[in-house]
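The values are calculated or read from the model by the stated rules, or taken from the named source; none is laboratory data. Because the structure is predicted, anything quoted here is derived from the model rather than measured. All Cβ positions, even for glycine, are placed from backbone atoms using ideal geometry, and neighbour counts span all protein chains on display.
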Amino acid sequence: MTSVLYDAPGPRAKRRNVLLTIVFLVVLGLAVWWALSIMADKGQLAADKWSPFVTDSQVWTTYLLPGLWLTVKAAALAIVIALPLGALFGIGRLSDHRWIRVPVGAVVEFFRAIPVLILMFFAQAMFVQFTDIESEIRPMYAVVTGLVLYNSSVIAEIVRAGILSLPSGQTDAAKAIGMRKGQTMSYVLLPQAVTAMLPALVSQLVVIVKDTALGGALLGLSELLSQSRTIPANYGANTIAALTVIALLYIALNFLLTSAAGWLEARARRTKKSTGAVVHAEDVEAGLDGGMSL
């Protein structure tokens, strides 16, 4: 039995795969055991390193929850601004007018090519030089600005890919009944493309949440990850415990985000017909660098 991509493994190949799986699991188990033994030798697995997260509420009210709030606040602001801005950029790249399509494409490609950390640093320098924003809140402005500039350009490509994934007959049918380009985009293409764009959009929203940690590491924003420095300084150098708890909070936050998006996607697919096309983030990066237009 064969498939398009590979031949189905025979008996010998199956035995070899099972053997390799067992070897990998053994090596992985040994690596985990070695890492835990090193942490135990350094005292990082001692109960007093972990107990503050259960017995002392101040570690939550003073450090973790305020840091989590700043992470959510920065990510929410970036998402609220980047989503509509990215949608406008994506639609602009599909414009029939060259004087719109070319400048918008240049802006999208420019900001998509620059690492988000450089954009944050640049925004921080601009705010220092040309604004009177207080130093306490300046990192928040810099982080949100960098996230918006980068992610709006990526979202623009996701929107463009979602619209281009629709059958061309959708546009032809709209033209046949006399709909203008704006009406076709608003009432025909975008509503159908939303379900195709959701997986890639959710992936990008998760990236926004995680990238807020760059502001804490290098710009002084007191977000969630930055608490991995302040907590060990006050609770006996429990760096491993603090990082573990913070990682679990990130996992829970992103799980809630993806669950909410999954619920919205399922509801959208139930309430309206979909083309069945799905746009993934890797498709946007790999295949849509050309100047395609409707």
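The residue that is farthest from ALA241 (Cα to Cα), among those in the range 74-92 that are surrounded by 17 or more Cβ atoms within 10 Å (Cβ to Cβ) and among the small types (Gly, Ala, Ser), is GLY92. Take ASP48 and decide whether it is exposed (fewer than 10 other Cβ atoms within 10 Å of the Cβ) and in contact (Cβ under 8 Å) with a residue 60 or more places away in the chain. No: the conditions fail for ASP48.
Taking the numbered list (1) assigned to a loop (DSSP other than H, G, I, E, B); (2) surrounded by fewer than 20 Cβ atoms within 10 Å (Cβ to Cβ) in turn, THR230 passes all entries but (1).
Listed here are the helices (runs of 4 or more DSSP H) enclosed by the range 87-185 that have at least 2 residues being among the hydrophobic types (A, V, I, L, M, F, W, C): 98-113, 116-130, 138-164, 168-176.
Within the range 259-272, the residues that satisfy the criterion of being within 19 Å of THR71 (Cβ to Cβ) and surrounded by fewer than 16 Cβ atoms within 10 Å (Cβ to Cβ) are SER259, ALA260. Could you grab me the full set of residues in the range 51-98 that are touching a residue at least 40 places away in the same chain (Cβ under 8 Å) and of a type in the set (Lys, Arg)? Answer for the range 51-98, where residues must be touching a residue at least 40 places away in the same chain (Cβ under 8 Å) and of a type in the set (Lys, Arg): LYS73, ARG93.
Quick check: anything in the range 53-73 in a loop (DSSP other than H, G, I, E, B), surrounded by 15 or more Cβ atoms within 10 Å (Cβ to Cβ) and in the same structural domain as GLU136 (by TED's automatic domain parsing)? No, the range 53-73 has no match at all.
What pairs come up if the first residue lies in the range 142-169 and is within 17 Å of ILE79 (Cβ to Cβ) and at pLDDT 90 or above, the second is surrounded by 23 or more Cβ atoms within 10 Å (Cβ to Cβ) and acidic (Asp, Glu), and their beta carbons are under 9 Å apart, counting only those six or more places apart or on different chains? Matching pairs, first to second residue: VAL143/GLU223.
Restricting to the range 203-223, count the residues that are touching a Leu at 6+ places or on another chain (Cβ under 8 Å) and either within 22 Å of LEU149 (Cβ to Cβ) or assigned to a helix (DSSP H, G or I) (or both).
So the answer is 14.
Take the residues in the range 57-101 that are within 21 Å of VAL209 (Cβ to Cβ) and among the β-branched types (Val, Ile, Thr); name whichever of them is nearest to the chain's Cα centre (by Cα). So the residue we want is ILE79.
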